[in-house]
Amino acid sequence: MSHRILLVDDEPGILKALKRLLLLTPCTCNGETFKLQVDTFTHPADALEVARHVPYELVVSDYRMPGMDGVQFLKAVRELQPRAVRFILSGYADLGGLINAINEAQISRFIAKPWNDYELLAAIGQGLAFRALQLETEQLADQKRLEQRILSDEEVARKLLESQEPGITRVEWGPDGSVILDPELQAEFERLHPEG
């Protein structure tokens, strides 16, 4: 099974380098290797149009782009695909913008340019593994509630389409310079997947 990733950056050279890295280097987490299918766009509006029809598991966007910045773009992606993992990639250390990205677009990671290939691949692998674990947990919980007649079929369907993720007001930095949004969630993920 391949995992579809969307990359958006106004610099074609960055997109080429990222796509080459993701297609040629294995992306693994906890012994699982993720086969990636990568779509790239230099214009956020074009990427949004495709995202209306094509599901993505993970979206990586540049922070500063003409016309629509990364926060605006990822916020729109979140409205279209609330379960897609969202990363910001930027060469600018703008803490205010980062907090805005976290609160408005609910990004999972901030990755600095120039990126470290290993750390980027590890972050993407962790993002995909966490997304799969989160979806599985939600499905099992909904199935259990349905069995106990706590939720109706309609409520289960509605719940799967909604995203009720709150904004945050503080930032935790990982040892690799990435942003950890929920230290308890990250600790639980690392406990369940120690080799990731």
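Below is a table of values for the structure above.
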{"read-out": "Region 105-151 and region 59-93: distance between their alpha carbon centers, rounded to Å", "value": "17 Å"}
{"read-out": "Potential extension, His43-Ala132 segment - 0.36 nm per residue separation minus Cα distance", "value": "29.2 nm"}
{"read-out": "At most 11 other Cβ within 10 Å, DSSP loop - trypsin sites (Lys or Arg not before Pro), region 40-99", "value": "Arg52"}
{"read-out": "Under 5 Å, built H, 5+ apart or other chain: amide partners of Gln37", "value": "His3, Arg4, Ile5"}
{"read-out": "Accessible surface of region 38-99, 1.4 Å probe, proportion on carbon and sulfur as whole %", "value": "53 percent"}
{"read-out": "Label-point separation, Leu140 to Asp117 (7 Å along Cα→Cβ), nm", "value": "3.6 nm"}
{"read-out": "Value of relative contact order over region 12-148, rounded to a whole percent, pairs C-alpha under 8 Å and six or more apart", "value": "22 percent"}
{"read-out": "Average accessible surface area per residue within region 1-118, 1.4 Å rolling probe, Å²", "value": "48 Å²"}
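The values are calculated or read from the model by the stated rules, or taken from the named source; none is laboratory data. On a predicted model such as this, the values are computed, not experimentally measured, just so you know. Don't worry about glycine lacking a Cβ; one is built from the backbone with ideal geometry, like all the others, and counts go over all protein chains shown. Accessible surface is based on the protein model in full, side chains and every heavy atom, while ligands, DNA and RNA are left aside. Shrake-Rupley method; radii C 1.70, N 1.55, O 1.52, S 1.80 Å.
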